[in-house]
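Report on the following structure.
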2 protein chains.
Amino acid sequence: MAFDDIRIVLIEPAHPGNIGAVARAMKTMSLSRLVLVRPSSFPSEQADRRAMGAIDLLQRARVVDDLDQAIGDCRLVIGGSARARTFPHSVLDARQCGARLVEETAMGEPAALVFGPERTGLANQDLDRCTYQVLIPANEAFSSLNLASAVQLICYEIFLAAHEPVAPVVLAPAERPSSQAEMEYFYEHLERALDSRGFLDGEMREVTMMKLRRLFGRSRPNSGELKLLRTLMRFIHREGE
Amino acid sequence: MAFDDIRIVLIEPAHPGNIGAVARAMKTMSLSRLVLVRPSSFPSEQADRRAMGAIDLLQRARVVDDLDQAIGDCRLVIGGSARARTFPHSVLDARQCGARLVEETAMGEPAALVFGPERTGLANQDLDRCTYQVLIPANEAFSSLNLASAVQLICYEIFLAAHEPVAPVVLAPAERPSSQAEMEYFYEHLERALDSRGFLDGEMREVTMMKLRRLFGRSRPNSGELKLLRTLMRFIHREGE
């Protein structure tokens, strides 16, 4: 596996110091690819200071405008979140997350680990773009890990998994799953098709689309399967009505 | 085992912010006993700020003049150190360290985990007071973990060891997947719907249905999701034709 195929994506990090601390945490565990989505302030002196010997990661960090640019080419995207959600995702613990990321990149695929803003965590619509949610086992009464600490823990599990091959925790699909961008294209198609039936009218649009994203996201369709699903969408679509 | 029997000892922490970050890291993993040996500045506003919801740990922290006061009643003392030493100690990795601490306190004995100053790490004479040295597996070219990150990692391993047996490696879906019979009923519905569109004519019927079974079978839909899928099937079905 290649550590360089695993990227850490921070969405709207508010404190520059945390960006530096994340870079340091990543480098201690051999990770190097940092992507920042709309950072409040970057580059910054404070980030450099907290990065210590990991300034090279900051210098090579990619800054992008939205999450899709950060993960569009990834088939496996894991969202870090302390909260259990009302509509739960497939959840990995930190150890399973490390193993799964190593397994994915062993096949030469890029993969992403996404974290939300410090105060609020990942927004639901961002979590919906993730294949899995990772939950770090923690004190139920106080599970609020610092951002850099959360990154440190998961990078540590990646490092361990990379150095002691373990049995795969999740069955890898036989064929290459579709990219996040291809899945987005499919979801748009699905939404249009259901719209043509008036099925998404009213308040339930978001919830319904989210449920469908979870469902199809879990099965990680390959390109042939996605083609089949698109045929189904065409049948659903009521033209000209 | 009792988390309260495991204490974290910081020797001469230079930055008050780190003391707060250590308290936060400890509390996320259910640890609560913090001992400070000659802190440069304590209590401090900066420590309180970084502790977030773990200020109670700072308020109950013990401040002592030397290491012996901090660990005198312990039989097991483990020293955290990034460096391998010239005269090596018995070394544990982080996972072994967590297991060893839990094992010790299960016998009702207090135990201590000791960290040195941020810049220099544990002095040799302090390490000599330890039963073991713990080394966190890390990038050999850059193994300098932040103090709070190191505490976070080891407390995490303590937390996991205390909660063993660990989570099953096979992913349990958040909700109960549908039964095979329910799935069969859905596949029949799907086949009828596609039939009404003439999509399954000819030799490809079996192959197409098999592909769809693989795809939907992988996502293991629960009953709510199956209901949603049945609605989709109704849209596909062309009535009376």
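Please treat every number below as a calculation from the coordinates, not as lab data. These numbers were taken from a predicted model, which means no experiment stands behind them. Note that we place each Cβ from the backbone using ideal geometry, even for glycine, and neighbour counts take in every protein chain shown.
Data for the structure
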| quantity | calculated |
| --- | --- |
| Mean-position separation - Cα centroids, segment B:3-34 and segment A:204-241, in angstrom | 49 Å |
| Share, in percent, of DSSP beta bridges within the protein assembly as shown that are antiparallel, nearest 5 | 5 percent |
| Over segment A:24-164 - Rg/Rh using Cα atoms and the Kirkwood inverse-distance radius | 0.93 |
| Degrees between helix A:94-106 axis and first principal axis of chain A (Cα, 0 to 90, nearest 10) | 80 degrees |
| Label point 7 Å beyond Cα along the C-beta direction, distances from A:Ser41 to other copies (nm, shortest first) | 1.9 |
| Additional length obtainable on full extension of the chain from B:Tyr185 to B:Thr231, 0.36 nm per residue less Cα span | 15.2 nm |
| Lysine-lysine proximity count for the protein assembly as shown, Cα under 26 Å, sequence distance 8 or more or distinct chains | 7 |
| The protein assembly as shown, helix-only ellipticity at 222 nm - DSSP H runs n ≥ 4, -39,500 (n - 2.57), divided by all residues, nearest 500 | -13500 deg cm²/dmol |
| Exercise: per-residue mean of other protein chain Cβ atoms within 10 Å, A:224-235 | 4 |
| Cα-based shape type of chain B, given that a ≥ b ≥ c are square roots of the gyration tensor eigenvalues and the cut on a/c is 1.5 | prolate |
| Estimated vicinal HN-Hα couplings, Hz - segment A:119-126 in sequence order (Karplus 6.51, -1.76, 1.60; Gly, Pro = x) | 6, 10, x, 5, 5, 4, 5, 7 |
| Other protein chain Cβ atoms within 10 Å, averaged over every residue that makes up B:148-158 | 5 |
| Per-residue average of Cβ from other chains inside 10 Å of B:28-41 | 2 |
